[in-house]
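The values are calculated or read from the model by the stated rules, or taken from the named source; none is laboratory data. These numbers come from a predicted model, not from an experiment. Note that each Cβ is placed from the backbone with ideal geometry, even for glycine, and that neighbours are counted across all protein chains shown.
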Amino acid sequence: GFEERIAWLNNLQPCELFNEERRRFVEALDLYFTGEIGDRSKFSLIYPPHFYVEIKLGKENDVYNYLSKRYPIIDVYYMVLLQMKI
């Protein structure tokens, strides 16, 4: 079993892991921790790949339809770019 421990994240590194179920490589992060007593551990976390695209106004639905046919899981987030003067 697993026991709960307190540790601090020291570093992380992108990597790929082979997913036996899907028979392909998937995106992951290797997370490196140091525990309370100085012990070190590494944990690999699989996460879905992501990317950001800038879309011309009025073309959002076209791009969404194209991407959703190509990728089975897609989330859409709307971002507003603010220009700040310093």
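Being surrounded by 12 or more Cβ atoms within 10 Å (Cβ to Cβ), free of Cβ contacts under 8 Å to residues at least 24 places away in the same chain and not polar (S, T, N, Q) is the requirement here; does L31 meet it?
Details: surrounded by 12 or more Cβ atoms within 10 Å (Cβ to Cβ): yes; free of Cβ contacts under 8 Å to residues at least 24 places away in the same chain: yes; not polar (S, T, N, Q): yes.
Spelling it out, L31 is indeed surrounded by 12 or more Cβ atoms within 10 Å (Cβ to Cβ), free of Cβ contacts under 8 Å to residues at least 24 places away in the same chain and not polar (S, T, N, Q).
Which of the residues belonging to the stretch 43-68 are closer than 30 Å to Y32 by Cβ and modelled with pLDDT of 85 or more? Working first, answer last.
We begin by selecting, within the stretch 43-68, every residue closer than 30 Å to Y32 by Cβ; these are 43-52.
Passing the criteria: F43, S44, L45, I46.
Does Y71 meet the test of being surrounded by 10 or more Cβ atoms within 10 Å (Cβ to Cβ), out of contact with any strand residue (DSSP E or B) (no Cβ under 9 Å at 6 or more places or on another chain), at pLDDT below 85 and not small (G, A, S)?
Details: surrounded by 10 or more Cβ atoms within 10 Å (Cβ to Cβ): yes; out of contact with any strand residue (DSSP E or B) (no Cβ under 9 Å at 6 or more places or on another chain): yes; at pLDDT below 85: yes; not small (G, A, S): yes.
Yes.
Exactly one of these conditions fails for W8: (1) assigned to a loop (DSSP other than H, G, I, E, B); (2) touching a residue at least 12 places away in the same chain (Cβ under 8 Å); (3) exposed (fewer than 11 other Cβ atoms within 10 Å of the Cβ). Give me its number.
W8 satisfies every listed condition except (1).
F51 - would you say it is surrounded by 10 or more Cβ atoms within 10 Å (Cβ to Cβ), aromatic (F, W, Y) and either under 22 Å from the mean Cα position of the chain (by Cα) or in a strand (DSSP E or B) (or both)?
No, not satisfied.
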